[in-house]
1. Could you give the length gained by full extension between Asp447 and Gln432, i.e. 0.36 nm per residue of separation minus their alpha carbon distance, to one decimal place?
2. Once the piece of chain linking Glu135 and Thr174 is laid out straight, how much longer is it, given 0.36 nm per residue of separation minus the C-alpha distance between them?
3. Report the FRET efficiency, 1/(1 + (r/R0)^6), for Ala528 and Gln365, where r is their Cβ-Cβ distance and R0 is 35 Å, rounded to 0.05.
4. How big is region 198-292 on each of its three principal axes, counting only the C-alpha atoms and giving the largest first in Å?
5. What is the Cα centroid distance between region 153-174 and region 316-340, reported in whole angstrom?
6. Using a Förster distance of 30 angstrom, determine the FRET efficiency expected from the C-beta separation of Arg187 and Glu257, and round it to 0.05.
7. Based on the mean of other Cβ atoms within 10 Å per residue, sort peptides 390-399, 180-189 so the most packed one is first.
8. So if I restrict to the alpha-carbon atoms in region 123-268, what is the Rg, and what is Dmax, the biggest pairwise distance, in Å?
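Taken together, the values in this text are just the output of simple stated rules run on the coordinates, not laboratory data. A quick note: this is a predicted structure, and the numbers were derived from the prediction, not measured. Here the Cβ is made from the backbone with ideal geometry for all residues, glycine too, and neighbour counts use every protein chain on show.
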Amino acid sequence: METLRKYAWILGIVGGVLVLTFLGSYAALQTIQTGFGVVGGIGAALLIAYLILDREDVAAVAKSRNTSLAGGAVLLVALALGIAVAANVLGDRYDKRWDLTSTGVYTLSEQSVQVAAALEQPVKVYGFFGIESAEAGAAFEERIASYAEHTELLDFQMIDPVAEPMLAQQMGVTSVYGTVVFEMGERSQRLETDYGEEAITNALINLSSGAEHILCFTQGHGERDLDDDFGETGFGGVILKAEGGNYTAKNFSPFQEKGIPADCEVVLVVAPNTDFLPMERELLAGWVAQGGAMMVLLEPFSVTQSGVHPATPELAADMARYGIAVGEDIVIEADPQFMQAGLDASMVMLMPDSFDFHPVVQSLQSFVLLELARSVEAIEGTPEGLQVQVLARTSAESWAESDPASALEGELEPGEGDKIGSVGVMALSQIQDPSLLNLDPETAPADLKPGGRVLVVGDADFASNKLVLNGNNLDLFLNGVAWLVGEEEQIAIRANEAKGGQLSASLAQLILTGLLVMLVFPGLAVAAAIATWVVRRKL
């Protein structure tokens, strides 16, 4: 018996190891397997045997002063462990995340939330990610889970194509770098290169809409190039964004086709350099009088071989038939709060309080930047059959310079006849009575109907490659298109692929940070430990 008591500590060590093995297996597997259960039972029996055989020494140690101090420390550790376990249980049961980044990198955009919440049919999402694309798969899983928080109709599963080759073959998955398949009924969408928020939202839009809207851009007057993805004045960037959703863009010539293509839903006139012929202007008005939609983006100047002169004066004046006055001027911003640092006063910044209450602009939460804009106002005394609204105005310190040449020469002072303060730069008109459009009786269509929509902006550069990713410029253009086609549910703030934060620091700041992290903070911890040891030695 004395021999057993002498070597009882071995039973205690072995028993403790076996119990820890059992607890580790349960933590990893979240279940009690038979083999590990037996190991745990044997370990517990050995610990009990140790306590019985060596009970006198255990009792003596338990009564010692060191044990009392150690017991207090163990109690505190156990309390902290209990709090941590409780926090994890509550976090698992009530999942809530806070995005503390300044730009909301990990927060779904307003549009993404709206699209998810508006789903009316179940959507199945299959994410095929193997070992080669494990990192992309983890990021996608976290992102699609954020969508699922806003709808009960989104069901997703992550699949290893190597482990389930039959399903991968059935879905046509061939890439080892990841493939995502969305299914809604008989319709489907695929992502094979981009699994970001914008791509996911566009896939859900295309599925739920079930329709593709045709955007028809006029050509033959020096309009902006839809295929130019890199030039500053090109419109290729915004077209790629639109076509990522449920829009298709194409060019047409009103003069050559003698009409508007039958499949068009919106006609867009983007910064023409030469004026429209009377026949072309009548075609546009007839289109609107039949319930059609039109967006007109007009620059203040045209550049031709003869020099710089007011752009398309006849087309600009023709907007009056829709109740909208487009000025032959240039808007100058003099309020320092609305001026871009390092840029001249012709760059106009519109802030959220610059916009009127309307679906196209009411969700804009950042700024919109215009370059060389002209005034766009509602004509006073417009009949009730034309519902005109100015969507945005500049600051009280701005003015519409009626002599643009003087502004170009640097004379930035308002003159006689200039409109001073709160200059309108974009307006829309809803046509309730098409007979008010003053159509040419010889060319007017016979089947007039109310519901036509016209959106006019005194600038086209805001949607060009140069500026479209600034602030809410892209949202303004796409919101306008969504309103014109009647898809108000798509009017929102979209995911900004450029959002993200950078930390910049000078060399001195980097050195100071390094000293704090590598020397000061560790030194304070060591000093605190030594001070504690000295105090304990004196007790």
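1. 4.0 nm
2. Roughly 12.2 nm would be gained on extension.
3. Values: r = 47 Å, r/R0 = 1.33.
Step by step, r from the Cβ atoms, then E = 0.15.
4. Result for region 198-292: principal-axis Cα extents of 44, 34, 16 Å.
5. That distance is 54 Å.
6. It comes out at approximately 0.40.
7. Order by mean packing, descending: 390-399, 180-189.
8. 19.1, 59
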